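Undergrad: I am attaching a structure below and will ask some questions about it afterwards.
The values are calculated or read from the model by the stated rules, or taken from the named source; none is laboratory data. Since the structure is predicted, the reported quantities are computational estimates derived from the model, not experimental observations. FYI the Cβ positions are ideal-geometry reconstructions off the backbone, even for glycines, and counts take in every protein chain you see. Surface areas here come from the heavy atoms of the whole protein model, side chains and all, with no ligands, DNA or RNA. Shrake-Rupley method; radii C 1.70, N 1.55, O 1.52, S 1.80 Å.
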Protein chains: 2
Amino acid sequence: MQRTVKVEGSKAKQGAYDDMHARHVTRLQIKLDNLLFADFLLKLQRCLGAVCGMQWYAYATLGITMALLSFLMDFSVAKMLGAQQWLYGQLEGNFLLQFLCWTLYPACLCALAATFCQSICPFSTGSGIPEVRTMLAGIDMPLYLSLTNMFSKFLGLFCTLAAGSTVFLGKVGPFVHLSTMFAAYLDNMFSLLQGIKKEKTSDMLVVAAAVGVASCFGAPVSGVLFSVEVMGSHYSLRHYFPCFFSAACGALTFRFFSVWSGDMETVQALFKTNFPSALPFYPLEIVLFAFLGLLCGAVGCCYLFCHRWILQFTKTNPLFIRMQTEKGLYSAGVVFFLACLTFPPSTGQYMASEYTTKELLTSLLDCRQWSSLSHNASVHQELSLKWNTSEMPLLLSLAFFLLMKIWMLVLACTLPLPAGYFMPMFVLGAAGGRLLGEGVAHVFSTGVVFGHHWDSVYPGVYALAGAAALSGAVTHTLSPALLAVELTGQFSHAVPILLATLLANGLARSGNRPSFYDAISINKKLPHLPSLVKAYPQISLTTVAHILEKDSVQLQKAAGPEEVRHIVVASVQLQIPVVDSEDSQILVGFVQRSELLKFLHHCKTQNLQQQMDDVCCIQPVSSLLSPSSTVDMAYSMMSVLELQTLFVADKGKLVGCLTWSKVMNVCKIFMHIFVL
Amino acid sequence: MQRTVKVEGSKAKQGAYDDMHARHVTRLQIKLDNLLFADFLLKLQRCLGAVCGMQWYAYATLGITMALLSFLMDFSVAKMLGAQQWLYGQLEGNFLLQFLCWTLYPACLCALAATFCQSICPFSTGSGIPEVRTMLAGIDMPLYLSLTNMFSKFLGLFCTLAAGSTVFLGKVGPFVHLSTMFAAYLDNMFSLLQGIKKEKTSDMLVVAAAVGVASCFGAPVSGVLFSVEVMGSHYSLRHYFPCFFSAACGALTFRFFSVWSGDMETVQALFKTNFPSALPFYPLEIVLFAFLGLLCGAVGCCYLFCHRWILQFTKTNPLFIRMQTEKGLYSAGVVFFLACLTFPPSTGQYMASEYTTKELLTSLLDCRQWSSLSHNASVHQELSLKWNTSEMPLLLSLAFFLLMKIWMLVLACTLPLPAGYFMPMFVLGAAGGRLLGEGVAHVFSTGVVFGHHWDSVYPGVYALAGAAALSGAVTHTLSPALLAVELTGQFSHAVPILLATLLANGLARSGNRPSFYDAISINKKLPHLPSLVKAYPQISLTTVAHILEKDSVQLQKAAGPEEVRHIVVASVQLQIPVVDSEDSQILVGFVQRSELLKFLHHCKTQNLQQQMDDVCCIQPVSSLLSPSSTVDMAYSMMSVLELQTLFVADKGKLVGCLTWSKVMNVCKIFMHIFVL
């Protein structure tokens, strides 16, 4: 670079000829610099490659970067929330200003986020997990992996989270989506570095799903379990070790940042609890945990029903559709309404609205028993600050919180913002569990029931079990059970938590009810077959013959340039099937679109009338379907073998071909037939 | 039954006619009883089915029964070990008798187990996990699922475990195998109860793998992770929820038994530790954990190399082959030799041979620092009982234990007994980790290193990380990291343990080295392709055309009875491909063997010359391979789509068909080509 500057310095002094000469020198210099850079890259690559394959660096980079992003997000959101709290405190005494500060702050943020996302990239709204599931099944959705999307999702999510517990939305879903976007980008970059051209990035995407969860909470194992669960039908063991590796990198980095920022003394859990491990629970309490699980399952079903209803309502109600055209205004309106309800001097005082989501969870997981604490004046003071502002008893306040927040959350789900819906369910579950736990503790500590006198019942454990059970029931997953353990860093209660989650899941899954993500997939018409099959099991038995289009694209072996040109223009398919002859229809193999273009170019330049098979390489078809195989089978084969096109032949004769876009269309058609 | 007895009572008094009449009545009675029983079953089934599908009862039964078996095994083994210890103590003073008690007891038990297993069911020896992996891939191996095998494996395992820490073998592997055997039996029983005929039992087998681990240690999550890892190439999400459910049932029951038997006050972890959770480790200790992981990886590689060498040696050395014909005698000899080495007055005093495996692990995971304890006289006494009999320092004793036990374990692996090889590696890893941990604690507590004065370094945590890392490296799995957490019930150290396990795995997996189970699979010539591919990656790229037999079985559509009879006699294949005609070879579909038999019967009774397609139903082929597809692809398709036969066609013409038995043969051929 120094030499280039020197040459440019001399150029200014001399005439036109010199100028040209100098430009030439500059160009050579840049070429040399490029060469030097390429050489450096090559050396770096060789040096790194000596330790392990380049993909491992990509996995590590993914984990570390996502953890950094997650930490930055948490850090800046905490600052924003602190600023609002400070302002609200400063305005003490002026009711109107306080009201405006409480309501306009989140409303403006959400309006900003909605407008921003709408104008930059409309695909960045929502959770992102349904889209990630679809992409993981093998369907290309480049719009959901663009850098623009990443940028707008990150900023939008920041605004949503900064709006605080009024909007009460989380960060897991968008983080999983962000992680996949970054993974796709990273994959391209590393492929360029290695000088190879990759066709699929699915490996990185699966890893990204695990990293998304792991870096969000510093919880590696539940991240990996999530990546297993998110895979619809089959999980390839090839991804298992990379998922763990990347998730561990992410979780470790996330926790190290907490240490370095001074939040914690050492690498610890995010919501560290202090449940005693000597006698974590009485054996008979298992029955109560099972009951809690069933209860959470039932509540989860109700919530899912409301959610499906509102999804349908927003799509069909004309007034609502008109309102949704102005996304910024709509968001501002809804958030203003929610903020009015949570305003502390109004109903907010009964639902601890001054807590942030993190504080809410910490207070709910408190290992002490609230009902016994409330007799203790000093601790009562501390708790009553948020949970017990008025004269309403603590437990009634908890029940009110639960009732209000559920329908408020259903409403918040209609907001066109990048936001996660997992964490709110986790907190609501914790509140439900706490309510039951406090009741149990009260009953068993005051009187002797069933001949037992239990004085060490911990309502916090019930809160944790409830959190895992409700969030598991709503998403039809079991990883929340492990997440609950990883978040608190205590394993002694793993078995009752797992039991509650299992039972809640069992109840929520019964009767072919779609999960939260399934409902969004169906509502957004995403081509995710497992979601559809869950709602309508009969679909999986439909034969391939039913969904094939009659006029399929095909070429005969001896096709001339005219036919080839026609096909290239008429179809966008990447692999075109080749048959023996028009009459026999015997499938011979397939030819790549690029080969056909080469053939056309060849014919044009040489001005020859050649046959396609003289020039193009006809590749053999490695696996075939028959018209009688089911859609489910076709889907499994395409996902597992990672095929983009699957040919269908009957007795050797080509019947048609199945591509992901066709499967997508079929899904859409099915979705039109079955209304949610 | 009472009525039957009455009838039989009257029969004795009367004559021949009455006798016949009575017999008729009895038969009617039995029929009525059967009907009543069937009616009862139907009612029971309807009653149970109202809550959830019958398969869930099967899963719960599986979990609960295996936990019961596991508990019974532990309980009776503890009694047997206690008896030996008591006898050994009683003989104090008499050196010869003590020697005989120490050596002959395990030698006799192992000789008994070996002879018993050899005579009842030779397939019951070894770990069983390699066989389970093969069955889970879809290959039928009924001999490994028989009730005889289950019986002999259970008794053999009992003898092996009762032989104590001299033989130093574990119970996980055989328990996974026992669990699959019981699952297969249960599956048949429930199918009978429901009156349906099931073709495959793979669902239950996957669940059984999870239950095997979960019920062995009361560790549900690592059980599920194990079942994911054991699946070679793809894990079907269909199994995920059942696995968790059954594993949770197993783990909960196992822990409840511990409570009821009075071992524990409540449902707790098996090896509960008391590491402080306030400051579990200093952030910089992460580097030491990473180093420990790499160290364990290297040790694991050495161990695997020795293991592969001895596997090869036992198969090729003529002397050894002759010795192995007398399995009982061979076992007795080897165990006698091992017992001589561990005899406390001999070298046994330097390797804590008086501890049982469980006590060994408990002492290694102790949260206190041994080097600081040894200054404290009373605690020193307690520890020195086992670890420090002589004047040898504790750490030297630990190093000696490690060195001796590794080669003794390699030798013990040649014993023809049902035994697990996971737990010994876990304990050895714990010893290695303890050694490093004690060293680190000693260095950092005495002096100030790098400007830090660390006084709360816990060697027990290093032991735990070492245990997970070494057992993970040897088996190429990550579930040991979670198992370490579940066994101790403490989550605060999960991240460093996971890190150590990941690094150890990374080192052990590099360079296409087969894992412990892979080596056994290859050695036993089990048709498990993923094992082979790990050792010889080039195999996966072999095309199907290479492995197809030239003369494949086929029928033409218009085949007569003579041809059909010929095929039925010549082949045992269940699905026979049907071609259009001998000349065209166009694959039309396939016909079931049972249909062909029906056709032959039809022709015989009606004495007609009919064509096959008039009578038999020709089923369409749902998926096809081409000769150019790879073996890996064929394997994936057969496992994922759960096919027993896959037809191979080229341009619609039948080329051959691929069955599991053919894949098995191919694996065997490959194994002959590549010597381990």
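Undergrad: Could you name every residue in region A:583-623 that has 50 Å² or more less accessible surface in the full protein assembly than in its own chain alone (probe 1.4 Å, ligands and nucleic acids excluded)?
TA: With the partner chains in place, region A:583-623 has these residues losing at least 50 Å²: A:Ser622.
Undergrad: Express in whole angstrom the spacing between the alpha-carbon centres of region A:306-366 and region A:159-187.
TA: Distance between centres, Cα-based: 18 Å.
Undergrad: Let me ask you something else. Go ahead and estimate [θ] at 222 nm for chain A from helices alone: -39,500 (n - 2.57) per DSSP H run with n ≥ 4, summed, over the residue count, rounded to 500. Please list the in-between numbers first.
TA: Working: 29 runs with 442 residues, N = 676.
Dividing the helical sum by the residues of chain A leaves -21500 deg cm²/dmol.
Undergrad: If you don't mind, another one. Quote the total accessible area buried by chains A and B together, excluding ligands, DNA and RNA, probe 1.4 Å, nearest 100 Å². List each step's numbers first, then the result.
TA: On the way: alone 30680 and 30690 Å², together 55400 Å².
So the buried area, both faces added, is about 6000 Å².
Undergrad: Continuing with the same structure: Over the protein assembly as shown, what percent of the accessible surface lies on carbon and sulfur atoms, probe 1.4 Å?
TA: Details: 35680 of 55400 Å².
Within the protein assembly as shown, the accessible surface is 64 percent carbon and sulfur.
Undergrad: Please list, ordered by chain and number, the residues whose modelled amide H lies under 5 Å from the amide H of B:Gly656; skip anything fewer than 5 residues away on the same chain.
TA: Close amide H contacts, sequence-distant or interchain: B:Val648.
Undergrad: I want to check a number: in region A:56-261, how many lysine pairs have alpha carbons closer than 24 Å, given a sequence separation of 8 or more or different chains?
TA: Details: A:Lys79/A:Lys153; A:Lys79/A:Lys171; A:Lys153/A:Lys171; A:Lys153/A:Lys200.
For region A:56-261, qualifying lysine pairs total 4.
Undergrad: Label position 7 Å from Cα toward Cβ: report the copy-to-copy distances for B:Leu143 in nm, one decimal, ordered from shortest.
TA: 6.0
Undergrad: I've got another one for you. Over all residues in A:232-244, what is the mean tally of Cβ atoms on other chains that come within 10 Å of each residue's Cβ?
TA: Values: counts 1, 5, 10, 7, 6, 9, 2, 0, 7, 8, 0, 1, 7.
That works out to 5 on average.
Undergrad: Which of A:Lys524/A:Lys557; A:Lys315/A:Lys405; B:Lys405/B:Lys524 have a Cα-Cα distance over 32 Å?
TA: Working: A:Lys524/A:Lys557 41 Å; A:Lys315/A:Lys405 23 Å; B:Lys405/B:Lys524 25 Å.
Listed pairs above 32 Å: A:Lys524/A:Lys557.
Undergrad: Determine the shape class of region A:544-674: with a ≥ b ≥ c the square roots of the Cα gyration tensor eigenvalues, call it rounded for a/c under 1.5, and otherwise prolate if a/b is greater than b/c, oblate otherwise.
TA: Details: a/c = 2.25, a/b = 1.92, b/c = 1.17.
Prolate, because a/c is 1.5 or more and a/b exceeds b/c.
Undergrad: Please give the helix B:561-570 orientation as an angle from the longest Cα principal axis of chain B, in degrees from 0 to 90, rounded to the nearest 10.
TA: Between the helix axis and the principal axis of chain B, the angle is about 20 degrees.
Undergrad: Name the residue from A:Leu532, A:His546, A:Gly466 whose Cα lies farthest towards the positive end of the charge dipole of region A:424-562, charges +1 on Cβ of Lys and Arg and -1 on Cβ of Asp and Glu.
TA: A:His546
Undergrad: Run the label-point distances for B:Lys272 please: 7 Å along Cα to Cβ, every other copy, nanometres, shortest first.
TA: When each copy's label point is compared with this one, the spacings are 2.2 nm.
Undergrad: Could you tell me whether the protein assembly as shown comes out rounded, prolate or oblate from its Cα gyration tensor? Rule is a ≥ b ≥ c as square roots of the eigenvalues, rounded for a/c under 1.5, then prolate if a/b exceeds b/c, otherwise oblate. Display every interim value, and only then the final one.
TA: Details: a/c = 1.30, a/b = 1.02, b/c = 1.27.
Taking the square roots of the gyration eigenvalues as a ≥ b ≥ c, the protein assembly as shown is rounded.
Undergrad: Would you tell me which residue of chain A has the beta carbon closest to the rotation axis bringing chain A onto chain B, and how many whole Å away it is?
TA: Residue and rounded Å distance to the axis: A:Gly652, 1.
Undergrad: Where does each of A:168-174, B:33-39, B:361-367 land if you order them by average Cβ count within 10 Å, highest first?
TA: On the way: A:168-174: 26.0, B:33-39: 10.6, B:361-367: 21.0.
With the highest mean Cβ count within 10 Å placed first, the list reads A:168-174, B:361-367, B:33-39.
Undergrad: Another question, if that's okay. Using a Förster distance of 56 angstrom, determine the FRET efficiency expected from the C-beta separation of A:Thr446 and A:Asn94, and round it to 0.05. Before the final figure, lay out each step's value.
TA: Working: r = 45 Å, r/R0 = 0.80.
Given R0 = 56 Å and the Cβ-Cβ separation, E is 0.80.
Undergrad: Sticking with this structure for a sec: Only counting protein heavy atoms at a 1.4 Å probe, give the residues of region B:277-303, ordered by number, whose accessible area falls by 30 Å² or more when the other protein chains are present relative to the chain alone.
TA: Flagged in region B:277-303: B:Ser277, B:Leu279, B:Phe281, B:Pro283, B:Ile286.
Undergrad: Can you pull the mean other chain C-beta count within 10 Å for peptide A:650-659?
TA: Values: counts 6, 11, 13, 2, 1, 0, 0, 0, 0, 0.
Taking the mean over all residues of the peptide, I get 3.
Undergrad: Here is a further query. Taking each residue in A:640-648, count the Cβ atoms of any other chain within 10 Å of its Cβ, then average. What number comes out? Provide the component values of the computation, followed by the final result.
TA: Numbers: counts 9, 6, 1, 1, 0, 0, 1, 1, 0.
The shielding value for this peptide is 2.
Undergrad: Counting only DSSP beta bridges with both residues in the protein assembly as shown, tell me the antiparallel percent, nearest 5. Provide the component values of the computation, followed by the final result.
TA: Numbers: 39 of 49 bridges.
Roughly 80 percent of the DSSP beta bridges within the protein assembly as shown come out antiparallel.
Undergrad: Which whole-number value in Å² is the accessible area per residue of chain A, probe 1.4 Å? Please list the in-between numbers first.
TA: Values: 27700 Å² over 676 residues.
I get 41 Å² per residue for this part.
Undergrad: Hey, another quick one. For A:Gly195, go 7 angstrom from Cα along the Cα-to-Cβ vector, then report the distances to that same point in the other copies in nm, smallest first.
TA: Going from nearest to farthest copy, the values are 7.0 nm.
Undergrad: So how tilted is helix B:479-488 from the main axis of chain B? Cα-based, degrees 0 to 90, rounded to 10.
TA: 60 degrees
Undergrad: Of the beta bridges DSSP finds with both residues in region B:544-674, what % are antiparallel, to the nearest 5? Could you put the intermediate results ahead of the total?
TA: On the way: 13 of 17 bridges.
So the antiparallel bridges in region B:544-674 amount to around 75 percent.
Undergrad: Cα gyration tensor of chain B, axes a ≥ b ≥ c as square roots of the eigenvalues: rounded (a/c below 1.5), prolate (a/b > b/c) or oblate? Mind dumping the intermediate values first?
TA: Details: a/c = 2.10, a/b = 1.53, b/c = 1.37.
Prolate.
Undergrad: A further question follows. Relative to the first principal axis of the alpha-carbon coordinates of chain A, what is the inclination of helix A:422-446, with its axis defined by its Cα atoms, in degrees from 0 to 90 and to the nearest 10?
TA: Tilt relative to chain A: about 30 degrees.
Undergrad: Sorted by mean Cβ packing within 10 Å, highest first, what order do the peptides B:491-502, B:569-580 take? Before the final figure, lay out the partial values.
TA: Working: B:491-502: 27.7, B:569-580: 17.1.
Output ranking for B:491-502, B:569-580: B:491-502, B:569-580.
Undergrad: Now for a different question. Over 32 Å between Cα atoms, which of A:Lys327/A:Lys358; B:Lys272/B:Lys525; B:Lys31/B:Lys604; A:Lys358/B:Lys358; A:Lys598/B:Lys662 qualify? The partial results should precede the final answer.
TA: On the way: A:Lys327/A:Lys358 28 Å; B:Lys272/B:Lys525 40 Å; B:Lys31/B:Lys604 35 Å; A:Lys358/B:Lys358 42 Å; A:Lys598/B:Lys662 41 Å.
Result: B:Lys272/B:Lys525; B:Lys31/B:Lys604; A:Lys358/B:Lys358; A:Lys598/B:Lys662 exceed 32 Å.
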